[in-house]
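A short worksheet on the structure shown next.
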Amino acid sequence: MTFHSPAKINLWLRILGKRPDGFHEVQTRLCRLALGDTVEIEMRGAGTDVSLSCSDPTVPLDESNLAMKALRAFEKCTGKQSSWRIHLEKKIPAGAGLGGGSSNAATVLKGANELAGRPLSLEKLIELGGQIGSDVPCFILDQPAADGAGRGEQVTPVDFPWQLPLVLIKPPFPIPTPWAYKRWAESKELPGVLYAPQICPWGAMSNDLERPVYEKYVLLPTLKTWLLEQPEVHAALMSGSGSTMFAITETHAQAAEIAAKAREFCGETAWVQATQTGA
Ligand SMILES: C[C@@](CO)(OP(=O)(O)O)[C@H](O)COP(=O)(O)OP(=O)(O)OC[C@H]1O[C@@H](n2ccc(N)nc2=O)[C@H](O)[C@@H]1O
Ligand SMILES: Nc1ncnc2c1ncn2[C@@H]1O[C@H](COP(=O)(O)OP(=O)(O)O)[C@@H](O)[C@H]1O
């Protein structure tokens, strides 16, 4: 069976403080995007071997792959042994703040559950997802948007009627999520850069991880300032721990226009993709 594994952006990510377990308490709104990976899952029956392949050579194929972690968690929880074939056709760049790995993990949990006759409830899948990563549970819900609390694993579906055209711009460097969170407490705002919430019909957009990330990766605040100077851009923000920046426009034609201008501004090494929320 073949499943769509959507990317996500964070319309807002507020960090409330550090928790005793080393994670940070957050309030975040995660929105699915039309852009996503395709995950093929085949339950082969007898045997226990797992064949995992991926179109992106930079993604690990060992037990550290989040799709593999999801399959192991599923088998451990259900006691169902089988041999499996999983292929990840990647469109979401890895380490981009777009939740690609987390989305794949959620898709494998749901897909394996489907193929095995649905032994696990939605609540159980969400619980398993939370053990794999803070961003996994939001992808278990088949909803266009959800609010995350706690580490981000406590998810509540929200009504999100907007299909917002947007452009994703990912410069050619990944940003390690643990590093970004670790730097948050002592980081400072750069002068002349907008960090304050951007008030939109769909909420007040802000991302507290911009403060640590922008201090080190100065192309990103430069890109945000440039995006906000473009008349077609309604709002612009970094997604998650980055490095992807996204800009929301009124129309898909404007999104295509900004994508072309961004390729010009950032040079050919940047990954640029027009898409929309709601999937
Ligand atoms: C930043 C966000 C925003 O949605 O996404 P991405 O940018 O990764 O897409 C998430 O919080 C990332 O979620 P996820 O990538 O699943 O993180 P996890 O594997 O749970 O945690 C990776 C590491 O990030 C730090 N971490 C993560 C979540 C959190 N609330 N506080 C943290 O301090 C911890 O150091 C943790 O060990
Ligand atoms: N199935 C997967 N797809 C993408 N990345 C994966 C996967 N499994 C493990 N990874 C690793 O997880 C890291 C973060 O992946 P991803 O979730 O795409 O980024 P982010 O957490 O920034 O949104 C990457 O460094 C990548 O090597």
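Tabulated values for the structure
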{"quantity": "Residues satisfying the stated conditions in region 246-260, i.e. among the hydrophobic types (A, V, I, L, M, F, W, C) and in a strand (DSSP E or B)", "calculated": "F246, A247, I248"}
{"quantity": "Answer from V26, V108 - the residue that is over 30 Å from A235 (Cβ atoms), within 15 Å of ligand 1 (Cβ to nearest atom) and in contact (Cβ under 8 Å) with a residue 60 or more places away in the chain", "calculated": "V108"}
{"quantity": "Residue in region 174-191 that is more than 16 Å from ligand 1 (Cβ to nearest atom) and surrounded by 16 or more Cβ atoms within 10 Å (Cβ to Cβ) present", "calculated": "no"}
{"quantity": "Cross-chain or 6+ apart pairs with Cβ under 6 Å, region 130-142 first and in the same structural domain as I9 (by TED's automatic domain parsing) and part of a helix (DSSP H, G or I), then open to solvent by 10 Å² or more (accessible area, probe 1.4 Å) and near ligand 1 (Cβ under 8 Å from one of its atoms)", "calculated": "G130/E153; V136/S102; P137/E153"}
{"quantity": "Tally, over region 59-79, of residues that are modelled with pLDDT of 95 or more and either assigned to a loop (DSSP other than H, G, I, E, B) or open to solvent by less than 30 Å² (accessible area, probe 1.4 Å) (or both)", "calculated": "14"}
{"quantity": "Lone unmet requirement of (1) buried (at least 19 other Cβ atoms within 10 Å of the Cβ); (2) closer than 19 Å to L120 by Cα for M43", "calculated": "(1)"}
{"quantity": "Hey, G148 in a loop (DSSP other than H, G, I, E, B), within 16 Å of ligand 2 (Cβ to nearest atom), under 17 Å from the mean Cα position of the chain (by Cα) and crowded, with 17+ Cβ neighbours inside 10 Å or not", "calculated": "no"}
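Residue-wise test of (1) open to solvent by less than 50 Å² (accessible area, probe 1.4 Å); (2) at pLDDT 95 or above.
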site	(1), (2)
G111	yes, yes
R118	no, yes
S121	no, yes
D142	no, no
T156	no, yes
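The values are calculated or read from the model by the stated rules, or taken from the named source; none is laboratory data. Worth saying up front: this structure is predicted, and the values here are computed from it rather than measured. Reconstructed Cβ throughout: ideal geometry from the backbone, glycine too, with neighbour counts over all protein chains shown. In case anyone asks, the SASA skips ligands and DNA or RNA and just uses the protein heavy atoms, side chains included. Shrake-Rupley method; radii C 1.70, N 1.55, O 1.52, S 1.80 Å.
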